[in-house]
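Shown next, in structure tokens, is the structure this report addresses.
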Amino acid sequence: MDNCLLIFTDLDGSLLDHHDYSHAVADALLAELEALQIPVIPATSKTLPEMLALRVELNNRHPFIIENGAGVLIPAGYFPVQPDDCQFNDGYWVKAFTRPRAHWQSLLANLDGEYGGSYTSFEQAGVEGIMQMTGLDRETASLAAQRRYGEPLAWQGSEEDRQVFITRLQSLGATVLQGGRFLHVSGECNKGTALAWLTAQYRAALPGQALTTLAIGDSDNDIAMLEAADIALVIRSPVNEPPSLSRQQKTLRSTLPGPAGWVEGVRRVLGSAPGYNCPQI
């Protein structure tokens, strides 16, 4: 029996170039993977509107994970049966792992008196500010602003204050993750939990099928996903230190950054066990 490979991938800094968000270097391999019916499952800090646009650009028809694991969206009908704990919304089965964005914004508002000058949140920045912080064009920045489950912020204070700020938020029930550029404030959710839940849905849809999960990422908000997968691929970042992992076995590290490193690592995985593909779901 063939081994079905599920590829869970971070986007910014991994499949997408850190500086210009291009995926062109990986496009040929993405087409090969689709021909092999190997699902490429984005697991990102991006929003639902961002992902809807990007899925078209990537020609990707598979489920995806948004806002650092806060939600999983499965195209309706992708699996034979809708998972019990999903809600149908606008053509997708949606699994939410945390409370909505407004809750986390209210926690940040409570700390504004102490730390308000040390960070800029997406809510504070607005579309213009997001454009300046990210280099995104206006249309893409407006999509990035439409968050459902959490609040990103750019930290401008000292490292010491940053650690105290994170501890304060954690004491209020928030989970704070460092992404490539931003701190992400949300609930007790992460890409690893989302990976495990979605993998279980594949197992239910493909009983008896051998499954292998590959997680790909470049920053701290990818750690839970990298630890949870059968194989971890750490992409070299041009700006950040690599995430620190507990695991040692089946852990690959790219020598190249961004999508070039993505291609380098995925080809190593494919070459190590020929026969990876998936039956049509």
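The values are calculated or read from the model by the stated rules, or taken from the named source; none is laboratory data. Computed from a predicted structure; not experimentally measured. Please note: Cβ atoms are built from the backbone with ideal geometry, for glycine as well, and neighbour counts cover all protein chains shown.
Scoring residue 17 on the criteria (1) surrounded by fewer than 23 Cβ atoms within 10 Å (Cβ to Cβ); (2) more than 11 Å from residue 260 (Cα to Cα); (3) in contact with a Gly (Cβ under 8 Å, 6 or more places away or on another chain); (4) of a type in the set (Asp, Glu) leaves a single failure, condition (2). Going by the structure shown, is residue 137 closer than 30 Å to residue 198 by Cα, modelled with pLDDT under 95 and of a type in the set (Asp, Glu)? Judged against the criteria, residue 137 is not a match.
With respect to residue 232, is the statement that it is among the hydrophobic types (A, V, I, L, M, F, W, C) and part of a helix (DSSP H, G or I) true? Answer is no for this residue.
For the range 68-89, enumerate the residues that are touching a Pro at 6+ places or on another chain (Cβ under 8 Å) and either in the same structural domain as residue 171 (by TED's automatic domain parsing) or closer than 17 Å to residue 146 by Cβ (or both).
Selection gives 73 alone.
May I ask you to list the residues in the range 238-281 that are touching a strand residue (DSSP E or B) at 6+ places or on another chain (Cβ under 6 Å) and hydroxyl-bearing (Ser, Thr, Tyr)? 251, 254, 276 - these are the residues of the range 238-281 that are touching a strand residue (DSSP E or B) at 6+ places or on another chain (Cβ under 6 Å) and hydroxyl-bearing (Ser, Thr, Tyr). Checking each residue in the range 1-31 for being among the aliphatic types (A, V, I, L, M) and assigned to a loop (DSSP other than H, G, I, E, B) picks out 1, 11, 15.
Given 149, 92, which one is surrounded by 20 or more Cβ atoms within 10 Å (Cβ to Cβ), under 21 Å from residue 53 (Cβ atoms), of a type in the set (Phe, Trp, Tyr) and not assigned by TED's automatic domain parsing to the domain that holds residue 178? Only one candidate qualifies: 92.
Taking the conditions exactly as written (part of a loop (DSSP other than H, G, I, E, B), of a type outside the set (Ser, Thr, Tyr), exposed (fewer than 14 other Cβ atoms within 10 Å of the Cβ) and outside the structural domain of residue 217 (by TED's automatic domain parsing)), does residue 249 satisfy them or not? Criteria not met by residue 249.
Note on the range 32-142: enclosed helices (runs of 4 or more DSSP H) holding 3 or more residues that are closer than 24 Å to residue 174 by Cβ and touching a residue at least 12 places away in the same chain (Cβ under 8 Å) are 48-58, 101-110, 122-134. Can you find, within the range 188-211, the residue that is surrounded by the most Cβ atoms within 10 Å (Cβ to Cβ) among those that are charged (D, E, K, R) and touching a residue at least 24 places away in the same chain (Cβ under 8 Å)? Looking at residues that are charged (D, E, K, R) and touching a residue at least 24 places away in the same chain (Cβ under 8 Å), I get 191.
Annotation: of all residues in the range 167-187 being assigned to a loop (DSSP other than H, G, I, E, B) and either more than 14 Å from the chain's Cα centre (by Cα) or outside the structural domain of residue 124 (by TED's automatic domain parsing) (or both), the one that is surrounded by the most Cβ atoms within 10 Å (Cβ to Cβ) is 174.
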